[in-house]
Amino acid sequence: MSDDVGGRVDFAGIQALSSRGAGYSVAAKCLQVQADAEALDPSLRSSDGVTLHADARSWYVGALGEIEVGLLLAALGPKWFVRHAVPIGAGTKDVDHLVIGPGGVFAINTKHHAGASIWVGDFVLRVNNVNTRHVKQAQSDAMDVGRRLTTKVGFPVPVISVLAILGARSINDKRTPAAGLVAVVDAKNLVSWLVARPQQLSDSELALIEFAAEEPETWHVDPRAADTLRVMPRFERLVLQVGTLSVAAQVPSQAKTAATRTTTRPTTGAPNRALNRTPARSRATPPRSPARRKRRERVTLGDLVKLWLACGLIITAMSVLQGIANQPCTSPAGCVLPSLLMAFAPLLNLGVVAALGAALVGTVLWAILWLTQ
């Protein structure tokens, strides 16, 4: 470890970093966007409550998601070191959750996709058949954490990149084991997944890594960048004021599919109870059409493969039957089947043509639906 690690202890900076609540950065952005919107449109705030502006909605939902994962991580035992919204570098980037424990070092990125279908490939994560940059972002977070901790402690620190998915209807991971550079975990199973990880580092190595992780200089050029400035209490008040989630008109298209889901984990204290209130779906955010959702589920590459396999089986069966019909018969009884096959030969040929035509038409329809969904 470098000599200056133990030489100076910035207690104020350590306290500021440890006091950052889950969702801090996203909550701060939500408050800023909402305040700017209220300055332009004072009607957003009235004696009846606050109307959440469309531009602030995605930040609001994201903050609630990170808060929920933070509450889940609170169930880890005393052997685990947990920090939230850890600032990285000189910009606005941060790591949603940094977890250090017997199973290793984890950079956890929270993604809130209520009711969505998640498909995970070797290099991409798709949400309702739409590609995302989640995997690249998670890998970047892990690389940043690993590089900074390694520089601080003086030995290589492997960091496991994790995507914690909140509220998804299904998670279909199609990767080969060797390609799983980023772990994709349902948030409700995150704690059990972390606890089940085998021990990767020795106790002394973990102690040094935790000591380095506490130092704000490890993460940010300005140690005071971790100062909370009472962001989370202000966000808790916003949750109480918003109540039933109402969004100003002109909701952006990317926000229309977002749903708000907060934790039902029992907590104590008024601020936490405020965060546990589940805002209702906005009237300006109509739910996705069931017919459209069903159509998206049908249009898959697997269906196209099944269609061509069925076509291939039909053609193969016809070829086998024609081969039997062309065999010479050695007895009157043996000539019955070839005779019948020869009699129905035109129908068999027609069946082959029909199967091939159906497969070609199905391929064209599949391509059209795939491109338009």
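Within region 22-34, the residues that satisfy the criterion of being surrounded by 14 or more Cβ atoms within 10 Å (Cβ to Cβ) and either without any contact (Cβ under 8 Å) to a residue 40 or more places away in the chain or touching a strand residue (DSSP E or B) at 6+ places or on another chain (Cβ under 6 Å) (or both) are A22, Y24, S25, K29, V33. Counting the residues of region 115-134 that are over 21 Å from V61 (Cβ atoms), aliphatic (A, V, I, L, M) and touching a residue at least 24 places away in the same chain (Cβ under 8 Å) gives 1. For region 104-122, the set of residues classified as among the small types (G, A, S) and under 18 Å from K188 (Cα atoms) consists of A107, A114, G115, A116, S117, listed by residue number.
R147 fulfils the conditions (1) free of Cβ contacts under 8 Å to residues at least 60 places away in the same chain; (2) among the basic types (K, R); (3) more than 19 Å from H220 (Cα to Cα) except for a single criterion, (3). Taking each residue of region 298-327 that is assigned to a helix (DSSP H, G or I) and looking for partners that are modelled with pLDDT of 80 or more and open to solvent by 60 Å² or more (accessible area, probe 1.4 Å) with beta-carbon atoms closer than 8 Å, six or more apart or interchain, yields C311/L356; I315/L356. Restricting attention to region 40-63, the residues that are among the β-branched types (V, I, T), over 13 Å from A27 (Cβ atoms) and outside any loop (DSSP other than H, G, I, E, B) add up to 1.
Residues being at pLDDT below 70 and either under 10 Å from A85 (Cα atoms) or of a type in the set (S, T, N, Q) (or both): count how many of those fall in region 1-28. Going through region 1-28 one residue at a time, the tally reaches 1.
Under the condition of being open to solvent by less than 10 Å² (accessible area, probe 1.4 Å) and among the hydroxyl-bearing types (S, T, Y), the residues counted in region 48-93 number 1.
The values are calculated or read from the model by the stated rules, or taken from the named source; none is laboratory data. From a predicted model like this one, the values you see are computed outputs, not experimental measurements. Counting neighbours? That spans all protein chains shown, and the Cβs are built from the backbone with ideal geometry, glycine included. Accessible surface areas use protein heavy atoms only, side chains included; no ligands, DNA or RNA. Shrake-Rupley method; radii C 1.70, N 1.55, O 1.52, S 1.80 Å.
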